[in-house]
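Right, one structure below, let's go through it.
The values are calculated or read from the model by the stated rules, or taken from the named source; none is laboratory data. Since this is a predicted model, take the numbers as computed values, not measurements. Quick reminder, even Gly has a Cβ in these numbers, built from the backbone with ideal geometry, and neighbours come from all protein chains shown.
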Amino acid sequence: MNNEQEIIEGTTEFVREALKGHDSGHGWLHIERVVRLALHIHEREKRGNRFIIELGALMHDIGDHKFALHDGPAEIRRVLTGFGIDREVIEEVVSINEYISFSKGYHTVAASPELEIVQDADRLDAMGAIGIARAFNYGGFRGNEIYDPRERLSDPPLLSATRKNSISTVHHFYDKLLLLKDLMNTDTGKKLAEERHEFMIRYLEQFFREWNSGIE
């Protein structure tokens, strides 16, 4: 199999099956959104290899440590080798999978244009209205508190204050989500992140007004 569209279709089928154990915020529909965002950024930025970007976006959550159903790089190599893809392309897709996550920090590797674009797309899907919905969906999936007022918030958010596991879903905003705007790689990603970031700020302001029963 060497037709790019056939490879994308075969990869899509594999990813749909592989993500069945994920919560809905990290399932197939998340992958679809990240693919659309990544291709949109690619078209605007005129950078990177479109085929690698699409494969990387499709495969970026294989082996996600939150679910640990697969060894991501090994699975990617197995599947893409079976499609007859060049080794160089496979290793680019593996690199995206290995270094896309927020937990890897700022500069883990000399990022390729493909990694930068897919990383921006994944981070954008963790922001704004969809990001809020995903955060609370995953918090419920894990049985986390919505908010624990006994624990201090990192406000303003600072990367040095991030925790591996947030105390509550609202704490997760301060541990991760509010940091994403300043971690975007591309000009297109930065522009899209601004609106989503501001929406999260407004949401949190309303959340705390309601938490305090509207008392100023």
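Please work out which residue is surrounded by the most Cβ atoms within 10 Å (Cβ to Cβ), limiting yourself to the range 17-49 and to residues that are assigned to a loop (DSSP other than H, G, I, E, B) and touching a residue at least 60 places away in the same chain (Cβ under 8 Å). Let's see the steps before the verdict.
Here is the first cut: in the range 17-49, the ones assigned to a loop (DSSP other than H, G, I, E, B) are 19-23, 27, 46-49.
Then keep just the ones that are touching a residue at least 60 places away in the same chain (Cβ under 8 Å); that gives 23, 47-49.
Working: 23: 17, 47: 15, 48: 21, 49: 16.
It comes out as 48.
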Discussion item. List the residue pairs whose Cβ atoms are under 6 Å apart, where the first residue sits in the range 149-174 and is farther than 21 Å from residue 211 by Cβ and of a type in the set (S, T, N, Q), the second is at pLDDT 85 or above and not in a loop (DSSP other than H, G, I, E, B), and the two are 6 or more positions apart or on different chains.
Written reply: 162/175
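Of everything in the range 50-65, what is surrounded by fewer than 22 Cβ atoms within 10 Å (Cβ to Cβ) and either on the phi > 0 side of the Ramachandran plot or part of a helix (DSSP H, G or I) (or both)? Give them in sequence order.
Result: 50, 51, 63.
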Fill in: Leading residue by the ranking (surrounded by the fewest Cβ atoms within 10 Å (Cβ to Cβ)) among those in the range 128-168 that are at pLDDT 90 or above and β-branched (Val, Ile, Thr)
146
